[in-house]
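S.K.: I am attaching a structure below and will ask some questions about it afterwards.
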Amino acid sequence: MRTLGAACASYSLCRIVSFESCRQASDKLLFPCNVREQLAKARRMHKGYRLKAGFWESIKSGILNNNTTQVVEPPSALPEEEEEEPLPQELVLIQKTEPDGTVEEIIFSSGGDIDVYDLQALCDKVGWPRRPLSKLAAALKNSYLVATLHSVRKSPGSEGNDQKKLIGMARATSDHAFNATIWDVLVDPGYQGQGLGKALVEKIIRALLQRDIGNISLFADSQVVEFYQNLGFEPDPEGIKGMFWYPKY
């Protein structure tokens, strides 16, 4: 599955895979080794749990240094602030005016406002295999965060008749505490090469770090590993490999 970014402009389409396509040997599981200063900031802001240096140590919060098991009783009720979801965000990434006076804005939103039919049409444009609409809707509904890119065109003298089109999407699933995985990053081929895929991934990472979720992974084809490494991801940290189980039919 394809994404883009300024760093991978040499590829016509970049790919981040969904679970259905993880059988391919070229796909790699990527983890952020150091997501720039933001991860360090998230570590400082975390009040109840501090990420450790090693990847495994950061997810094995119930294991002590002496390899004995620490039994942690769950709180009877979580404070309301810990149950809050990331607030929707909307901002204009690009604005340009065409010779006829038409203004086009590329708008990023993390509010999850997406039509499943528009998403299917976008998947068709980038050449992804079709998936059942009911499963697409369920995947969106059960995602922790859904980010979108829309093109909004405003023609002179046509106030109130703006043309809005879905041109990009990415989503993340999470346990709402420690770990998250980014899925289905895609951008309309007509808008690739402008750094929009890079912006999608970076803003999702930022939103997750603001919720103190620091272990972020994704799956990517081998030809775009460098693109994600430039965003702070590292393949196979500390020799860790992604493991998959599939039914044998």
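S.K.: Taking region 88-195, how many lysine pairs are there with alpha carbons less than 24 Å apart, if each pair must be eight or more places apart or span two chains?
M.R.: 14
S.K.: Per-residue HN-Hα couplings for region 91-97, Karplus 6.51 cos²θ - 1.76 cosθ + 1.60 at θ = phi - 60°, whole Hz, x for Gly and Pro?
M.R.: Result, rounded to whole Hz: 7, 8, 8, 9, 9, 9, 10.
S.K.: What distance in nm separates the two pseudo spin-label positions at S222 and D118, each 7 Å out from Cα along the beta-carbon direction?
M.R.: Distance between the two pseudo-spin positions: 3.7 nm.
S.K.: Each label point is 7 Å from the Cα along the Cα-to-Cβ direction; what then is the distance between the points at K154 and Q89, in nm?
M.R.: Between K154 and Q89, the label points sit 2.3 nm apart.
S.K.: While we're here: If you count, for each residue, the other Cβ atoms within 10 Å and average over each peptide, how do 209-215, 127-133, 173-179 line up from highest to lowest?
M.R.: The peptides rank, most packed first, as 209-215, 173-179, 127-133.
S.K.: Sticking with this structure for a sec: Pop a pseudo-label 7 angstrom from the Cα along the beta-carbon direction at both L133 and E104 and give the gap in nm to one decimal.
M.R.: 2.8 nm
S.K.: Could you tell me which of V152, H176, I114 has its Cα farthest along the dipole of region 98-195 towards the positive end, charges placed at Cβ (Lys, Arg +1; Asp, Glu -1), taken about the Cα centre?
M.R.: The residue sitting most towards the positive pole is H176.
S.K.: Additional query: Put Y228, Y249, Y144 in order of accessible area, largest first, 1.4 Å probe: what do you get?
M.R.: Sorted by accessible area, descending: Y249, Y144, Y228.
S.K.: Which length gain, in nm to one decimal place, applies between K125 and E234 when the Cα-Cα distance is subtracted from 0.36 nm times their residue separation?
M.R.: Roughly 36.3 nm would be gained on extension.
S.K.: To continue, here is another question. Restricting things to alpha carbons, find the Rg to Rh ratio for region 131-249 using the Kirkwood radius for Rh.
M.R.: Here the Rg-to-Rh quotient is 1.04.
The values are calculated or read from the model by the stated rules, or taken from the named source; none is laboratory data. Everything quoted here is computed from the prediction, not taken from an experiment. Ideal geometry is used to build each Cβ from the backbone, glycine not excepted, and the neighbour counts take in all protein chains shown. All accessible areas refer to the heavy atoms of the entire protein, side chains included, with ligands and DNA or RNA removed. Shrake-Rupley method; radii C 1.70, N 1.55, O 1.52, S 1.80 Å.
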